[in-house]
């Protein structure tokens, strides 16, 4: 059996009956478009939500603060030796950065300071931190720059402000190099943060209240705040993020060991496992998305099933139209098996042609949806494979009985069918 010749014959037969072939593949085409579009849409939305959570800066992260809430009350009484409480210091932060492998880490000192600008006196949130704060929380610079190493190590009086702060308190947006006076200190403006890049995705922004307030704040280097705001006393908390999911748990253990050793085994720090909470939330969202995927795919599969019934009916009806062809093929030596595979092959080819056209059409629909929703719905490779797999299966199943019936036709009866 020459499979290449069989394929060519199937294509000739398909294109010689263009309108019938079009109506036959239309049902499968609609089914493939439904399957791929729905699968890709849910997958794209799932990827977008995961990316949004990642950009918020809380995945695979822990937050260390003073207070020892994990060992308070009655539980603390079991320790017979009283140990001196130690606040979290700038030196703790620097030592932790060197001791623990991480992706991002920053310390935070937060306070409210009075802004002095002409006759205006307004309370402004002052945040003392490092450049990793902006990286972890996805706050890119719009104008100017971040803090450099010299400014962070020398406790320089420089600041970065948000775009919202500029719009609210400055008439002229060209403020780089100017000074902001907060409380008793003045800080030179070296950078301006962009408007929230996460809020630009058609309103799909999480934690928007906090992020809006972040862009109204003033940021200075952590050591500057430690020296001038807290008078070398303490910092509020330390944030540290692991490189990936696998290294998160080892990092958490090392951080706990570090503070026990550096604070003379005193349980005077509280470690919030934010990363695990974020994993729970994202897992719950992913589970919901998977259930939606199964539901939508089940609905879309009905279209493919209907298309398969249409293909089965068309092939069955076409046997009576092609009696002479079947008779001639058998007369010149084609076996029942070759006739069987000829019709099955034609059914599969028809279904796959519909699948490929459906893939192109799905790409167009997803491109339009991406432009309307303002975030990308990329066509899913899994969706394509699913569409092709469904089409091949339906083409195979739909063609078996008509092919069997055609193979069993008597060649003499087939030749003289119309007489």
Among the residues of the range 1-12, are any touching a helix residue (DSSP H, G or I) at 6+ places or on another chain (Cβ under 6 Å), surrounded by fewer than 20 Cβ atoms within 10 Å (Cβ to Cβ) and at pLDDT below 75?
yes
Condition (residue is in a strand (DSSP E or B) and either modelled with pLDDT under 80 or under 36 Å from the mean Cα position of the chain (by Cα) (or both)) applied to the range 45-61: is it met by at least one residue?
yes
Modelled with pLDDT under 85 and surrounded by 17 or more Cβ atoms within 10 Å (Cβ to Cβ): is that true of residue 198 in this structure?
yes
Name the single residue that is surrounded by the most Cβ atoms within 10 Å (Cβ to Cβ) among those in the range 138-158 being closer than 20 Å to residue 210 by Cβ and modelled with pLDDT of 90 or more.
139
Only residues that are surrounded by fewer than 12 Cβ atoms within 10 Å (Cβ to Cβ) and closer than 30 Å to residue 46 by Cα: list them for the range 303-337, please.
none
In the range 368-397, anything in a helix (DSSP H, G or I) and exposed (fewer than 14 other Cβ atoms within 10 Å of the Cβ) is listed as 368, 371, 372, 381, 382, 385, 389
The condition of being more than 16 Å from residue 91 (Cα to Cα), at pLDDT 80 or above and either touching a helix residue (DSSP H, G or I) at 6+ places or on another chain (Cβ under 6 Å) or surrounded by fewer than 18 Cβ atoms within 10 Å (Cβ to Cβ) (or both) holds, among 246, 277, only for 246
Selection from the range 136-159 of residues touching a residue at least 60 places away in the same chain (Cβ under 8 Å) and either farther than 22 Å from residue 234 by Cα or not assigned by TED's automatic domain parsing to the domain that holds residue 178 (or both) yields 136, 137, 138, 139
Boolean, residue 365 is loosely packed, with under 13 Cβ neighbours inside 10 Å and either in contact (Cβ under 8 Å) with a residue 60 or more places away in the chain or under 22 Å from residue 26 (Cβ atoms) (or both)
no
Is at least one residue of the range 311-319 touching a residue at least 60 places away in the same chain (Cβ under 8 Å) and not in a helix (DSSP H, G or I)?
no
In this structure, does residue 348 turn out to be assigned to a helix (DSSP H, G or I), under 10 Å from residue 399 (Cα atoms) and in contact (Cβ under 8 Å) with a residue 24 or more places away in the chain?
yes
Residues of the range 159-171 that turn out to be crowded, with 21+ Cβ neighbours inside 10 Å, touching a helix residue (DSSP H, G or I) at 6+ places or on another chain (Cβ under 9 Å) and more than 13 Å from residue 188 (Cα to Cα), as a count
1
Would you pick out the residues in the range 229-243 that are closer than 12 Å to residue 90 by Cβ and not in a loop (DSSP other than H, G, I, E, B)?
229, 238
Is it the case, given these coordinates, that residue 365 is touching a helix residue (DSSP H, G or I) at 6+ places or on another chain (Cβ under 7 Å) and either assigned to a helix (DSSP H, G or I) or assigned by TED's automatic domain parsing to the domain that holds residue 32 (or both)?
yes
Of the conditions (1) outside any helix (DSSP H, G or I); (2) closer than 24 Å to residue 94 by Cα, residue 151 fails just one. Which one is it?
(1)
Inside the range 249-271, the number of residues satisfying the requirement of being closer than 26 Å to residue 47 by Cα and modelled with pLDDT under 85 is 0
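The values are calculated or read from the model by the stated rules, or taken from the named source; none is laboratory data. The shown structure was predicted, so the numbers you read here are calculated from the model rather than taken from an experiment. Reconstructed Cβ throughout: ideal geometry from the backbone, glycine too, with neighbour counts over all protein chains shown.
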